[in-house]
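The values are calculated or read from the model by the stated rules, or taken from the named source; none is laboratory data. Remember, it's a predicted structure, so these values are computed and weren't measured experimentally. Here the Cβ is made from the backbone with ideal geometry for all residues, glycine too, and neighbour counts use every protein chain on show. Just the protein is used for accessible areas: all its heavy atoms, side chains included, with ligands, DNA and RNA removed. Shrake-Rupley method; radii C 1.70, N 1.55, O 1.52, S 1.80 Å.
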Amino acid sequence: ARANEKLTDSFIYTPEVGANISKQLALMAEVSDAIENNQLLMYYQPKVDLKSQKVIGAEALIRWHHPERGWIRPDEFIPDAEHSTLILRISEFVLRAVIQQVQQWQQQGITIPISINVTGHDLLQPGFSQMMFGLLEEFQVDGSAIELEITEGTLIQDIDEVVSELLRLTRAKITVSIDDFGTGYSSLQYLYRLPISLLKIDQLFVKHLPEDQGASHICAAAVALAQKMGIKALAEGVETQQNLDYLVELGCDYGQGYFFSKPLSADAFAAWYHHRETQYEQPLG
Ligand code: C2E
Ligand code: MG
Ligand code: MG
Ligand code: MG
């Protein structure tokens, strides 16, 4: 990604840029093979209501199990894939895998909504919502079981088109959240323009709570902004009891992070979920 930026920003070609680009191209060819060879799979990380401690959803996060290099994290291949149409093939894989998983979990009584990470590029792709509706139909899953998390590493030019595509999806009860709030490109514009129901505060700010004053002010403002807009706020990267206590004090609705659980394989998530349900079961009245 950095090499691409260098090229487009300054048009300076150096041997180093060339080497980076060929490395990226090789990696992208490998991702393409990874899709064919079933090396990609989804992990799931719970989202928790900070007041009731109930699990209110989970985020699907992609993992690549490379035959020689072992586990590769999405930050090592998603940003590059976003610069090419490869991201669309990845998203197609993710959508199918998650919707199929949702169907299975619903049969096991796990009925929380699951979120999927998408970029503006996905949404601008003709037929994205058609693909989504086709898969929901195929697996008999209701739109309300799916959330989309929008992140941006690049500025989206055709925001009007993104808005109309999202409206098509929200009409089918799919909900939309803004991811990495406070660090991406033009996140305030997105909050203003897109049909968003959840604001996810970037972990960059959350992990320094409450000692860091700047981070605390930003989190407080983000929670207040969400409240004013009538949407929910979720803190990403909650790692400690101190982080959690401060977020509760701020009135932040939800949290996600290692404090609750790391991302888990589908089976491990189901086990974690059932265990937690019995642990937190409250007697009525
Ligand atoms: P994200 O959507 O902001 O996801 C949150 C990231 O923070 C995940 O990293 C998660 O493992 C990590 N995380 C969660 N809790 C904690 C914590 O308490 N402390 C710390 N230090 N980290 C925590 P991951 O899985 O490596 O994903 C990185 C990014 O890659 C994601 O950021 C998302 O932007 C992207 N990504 C992941 N899966 C997909 C996918 O299926 N499609 C697309 N387009 N992007 C994806
Ligand atoms: Mg996300
Ligand atoms: Mg995030
Ligand atoms: Mg992120």
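Any idea which of S144, S216 is more than 14 Å from ligand 2 (Cβ to nearest atom), part of a helix (DSSP H, G or I) and under 22 Å from V98 (Cβ atoms)?
Working: S216 fails: under 22 Å from V98 (Cβ atoms).
Of the residues listed, the single one that is more than 14 Å from ligand 2 (Cβ to nearest atom), part of a helix (DSSP H, G or I) and under 22 Å from V98 (Cβ atoms) is S144.
For P210, which of the numbered conditions (1) open to solvent by 40 Å² or more (accessible area, probe 1.4 Å); (2) more than 12 Å from ligand 1 (Cβ to nearest atom); (3) outside any loop (DSSP other than H, G, I, E, B) fails to hold?
The one condition P210 does not meet is (3).
Can you tell me which residue within the stretch 252-266, out of those that are out of contact with any Leu (no Cβ under 7 Å at 6 or more places or on another chain) and of a type outside the set (S, T, N, Q), is surrounded by the fewest Cβ atoms within 10 Å (Cβ to Cβ)? Don't jump to the end; show me each part of the working.
Narrowing the stretch 252-266 to residues out of contact with any Leu (no Cβ under 7 Å at 6 or more places or on another chain): 257-258, 260-262, 264-266.
Then keep just the ones that are of a type outside the set (S, T, N, Q); that gives 257-258, 260, 262, 264, 266.
Working: G257: 22, Y258: 14, F260: 19, K262: 12, L264: 18, A266: 18.
Selected residue: K262.
Kindly indicate which of A220, A226, A268 is over 16 Å from D49 (Cα atoms), touching a strand residue (DSSP E or B) at 6+ places or on another chain (Cβ under 9 Å) and of a type in the set (G, A, S). If you could, list the steps in order and put the result at the bottom.
Values: A220 fails: touching a strand residue (DSSP E or B) at 6+ places or on another chain (Cβ under 9 Å); A226 fails: over 16 Å from D49 (Cα atoms).
Testing whether each residue is over 16 Å from D49 (Cα atoms), touching a strand residue (DSSP E or B) at 6+ places or on another chain (Cβ under 9 Å) and of a type in the set (G, A, S) leaves just A268.
This table checks each residue for (1) free of Cβ contacts under 8 Å to residues at least 40 places away in the same chain; (2) more than 16 Å from S91 (Cβ to Cβ); (3) within 14 Å of ligand 1 (Cβ to nearest atom); (4) of a type in the set (A, V, I, L, M, F, W, C).
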{"residue": "V163", "(1), (2), (3), (4)": "yes, yes, no, yes"}
{"residue": "I174", "(1), (2), (3), (4)": "no, no, no, yes"}
{"residue": "Y185", "(1), (2), (3), (4)": "yes, yes, yes, no"}
{"residue": "L194", "(1), (2), (3), (4)": "no, yes, no, yes"}
{"residue": "L198", "(1), (2), (3), (4)": "no, yes, yes, yes"}
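When the residues of the stretch 131-161 are narrowed to those that are within 16 Å of ligand 1 (Cβ to nearest atom) and acidic (D, E), which ends up least open to solvent (accessible area, probe 1.4 Å)?
E149
Taking only the stretch 101-130 into account, find how many residues are over 18 Å from the mean Cα position of the chain (by Cα), open to solvent by 50 Å² or more (accessible area, probe 1.4 Å) and not β-branched (V, I, T). Walk me through it before giving the result.
In the first step, residues of the stretch 101-130 are kept if they are over 18 Å from the mean Cα position of the chain (by Cα); the result is 103-111, 125-127, 130.
Still in the list and also open to solvent by 50 Å² or more (accessible area, probe 1.4 Å): 103-104, 106-108, 111, 125-126, 130.
With not β-branched (V, I, T) added as a condition, the list becomes 103-104, 106-108, 125-126, 130.
Qualifying residue count for the region: 8.
Take the stretch 246-259 and flag every residue that is more than 20 Å from the chain's Cα centre (by Cα) and under 14 Å from V48 (Cα atoms).
Step one: filter the stretch 246-259 for residues more than 20 Å from the chain's Cα centre (by Cα), giving 246-251.
Of everything in the stretch 246-259, those that are more than 20 Å from the chain's Cα centre (by Cα) and under 14 Å from V48 (Cα atoms) turn out to be L247, V248, G251.
Take E149 and decide whether it is in a strand (DSSP E or B) and modelled with pLDDT of 95 or more.
On the way: in a strand (DSSP E or B): yes; modelled with pLDDT of 95 or more: yes.
Judged against the criteria, E149 is a match.
Those residues that are part of a loop (DSSP other than H, G, I, E, B), more than 11 Å from ligand 3 (Cβ to nearest atom) and at pLDDT 90 or above, I need them from the stretch 181-202; list them, please.
First, the residues of the stretch 181-202 that are part of a loop (DSSP other than H, G, I, E, B): 182-186, 194-197, 202.
Filter once more, keeping what is more than 11 Å from ligand 3 (Cβ to nearest atom): 185-186, 194-197.
Scanning the stretch 181-202 gives L194, P195, I196, S197.
Answer yes or no: is there a residue in the stretch 17-30 that is out of contact with any strand residue (DSSP E or B) (no Cβ under 8 Å at 6 or more places or on another chain) and closer than 28 Å to E239 by Cβ.
To start, the set of residues in the stretch 17-30 that are out of contact with any strand residue (DSSP E or B) (no Cβ under 8 Å at 6 or more places or on another chain) comprises 17-29.
Pick out the ones that are also closer than 28 Å to E239 by Cβ and you get none.
Scanning the stretch 17-30 turns up no residue that is out of contact with any strand residue (DSSP E or B) (no Cβ under 8 Å at 6 or more places or on another chain) and closer than 28 Å to E239 by Cβ.
What tally of residues in the stretch 39-75 results from selecting those that are open to solvent by 60 Å² or more (accessible area, probe 1.4 Å), more than 16 Å from ligand 3 (Cβ to nearest atom) and either in a strand (DSSP E or B) or within 19 Å of I116 (Cα to Cα) (or both)?
3
Can you tell me which of L199, L188 is open to solvent by 20 Å² or more (accessible area, probe 1.4 Å) and out of contact with any Pro (no Cβ under 9 Å at 6 or more places or on another chain)?
Working: L199 fails: open to solvent by 20 Å² or more (accessible area, probe 1.4 Å).
The unique qualifying residue is L188.
Regarding L86, is this residue touching a helix residue (DSSP H, G or I) at 6+ places or on another chain (Cβ under 8 Å), in contact (Cβ under 8 Å) with a residue 40 or more places away in the chain and more than 21 Å from A266 (Cα to Cα)?
Details: touching a helix residue (DSSP H, G or I) at 6+ places or on another chain (Cβ under 8 Å): yes; in contact (Cβ under 8 Å) with a residue 40 or more places away in the chain: yes; more than 21 Å from A266 (Cα to Cα): yes.
Answer is yes for this residue.
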